[in-house]
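Just below is one structure, and these are the notes that go with it.
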Amino acid sequence: GDSVTQTEGLVTLTKGLPVMLNCTYQTTYSPFLFWYVQHLNEAPKLLLKSSTDNKRTEHQGFYATLHKSSSSFHLQKSSVQLSDSALYFCASAYQGGRALIFGTGTTVSVSP
Amino acid sequence: EAAVTQSPRSKVAVTGGKVTLSCHQTNNHDYMYWYRQDTGHGLRLIHYSYVADSTEKGDIPDGYKASRPSQENFSLILELASLSQTAVYFCASSDGGQGEVFFGKGTRLTVV
C-alpha cells in the first residue's frame, strides 16, 4: 500500500549548520510529494512540493529533489536558523490523488 | 487568503458521549479532510469528501462518522467517544490531491 517514511524523529543542531531530513515513499499513484512545516501550536503549512523527477524545488531557503529511482524526497537547508525549529512532515498524494498521506514527522530543534 | 475554520478549538468530552467537530471553509474547494494528529503517528486521514452529501473513508475511519451537508461545511462525529480518541484533529481543504492542502488551526479533544 501507499506509505511515507521519515526515519528521524528528532534532529537537534546548532544555528548555522546544514540539515537534511529523510523522506522515502511508496505509492500506487503517480508520485507527487510535499513537505509541510508545523510550528508549535500552529496548523501545518505547505513548504514545497514536486512531481518532476530530478528537479530541485526551493522555497524559503529549503530545497528538495524528487528522485523516482530511489523513491526519495529529502529536505535540505544549508544553514538553519532558530526560526526553523518546527515539526516537518513529508507527504505524498494517494487515494487516486484525492488526498495526502503523511509521514510520522521530524522535529527539528535549533539551538543558538 | 484561504481560510479553514474549526470549532470548537478545544473540548473535553466524557467517555461514551457524543462529540461533533465542525469545519467551515471559504476557499471554494471541492475537497475537505479530517486528519488526526498523535505524537509518533503524524497526521492520519479519518474521512474526506470531494462533493457535498458524500464522504469517503480514510485510513482510520473506525469510531468516526463524517457529514458534508454543503461545499463549505464538513463535520466529524464521534457517536461514542473513547479515551483512545484523545488527540488533535485537523480539518483541511484543497482543490485536489495535487494542490496545496490548507489546514485549520486544529481542535484539541480530550476524552475523560
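FYI, it's all coordinate maths here, none of it is from the lab. Predicted, not measured: the structure shown is a model, and the values here were computed from it. Ideal geometry is used to build each Cβ from the backbone, glycine not excepted, and the neighbour counts take in all protein chains shown.
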Legend entry - Straight-distance crosslink candidates among lysines, where the alpha carbon sits under 17 Å from B:K57 and sequence neighbours closer than 8 are dropped: B:K65
Inset, instruction - With all distinct Cα pairs included, what does the Kirkwood hydrodynamic radius of chain B come out to in Å, to one decimal, could you say? - result: 13.8 Å
Inset, instruction - May I ask you to give the average projected area over all directions of the convex hull of the Cα atoms of the protein assembly as shown, in nm² rounded to one decimal? - result: 12.0 nm²
Inset, instruction - Within the range A:1-56, list the chymotrypsin sites (Phe, Trp or Tyr not before Pro) lying in a DSSP loop whose Cβ has at most 15 other Cβ atoms in a 10 Å radius. - result: none
Legend entry - Pairwise label distance in nanometres, B:S10 with A:K15, each label 7 Å out on the Cα-Cβ vector: 3.0 nm
Inset, instruction - Starting from the Cα of B:D30, step 7 Å toward the Cβ, then list every residue of the range B:62-94 with an amide N under 12 Å from that point. - result: B:94
Legend entry - Cα-Cα over 32 Å, subset of A:K77/B:K11; A:K15/A:K45; A:K49/B:K11: A:K77/B:K11; A:K49/B:K11
Inset, instruction - Report the label-to-label distance for A:N54 and B:T20 in nanometres (one decimal), using points 7 Å from each Cα along the Cα→Cβ vector. - result: 5.5 nm
Legend entry - Range of Cα positions in chain A per principal axis (Å), largest first: 43, 29, 21
Legend entry - Length-normalised contact order of the range B:18-112 in % [C-alpha pairs under 8 Å, at least 6 apart]: 31 percent
Legend entry - chain A, relative contact order [Cα under 8 Å, separation at least 6], %: 37 percent
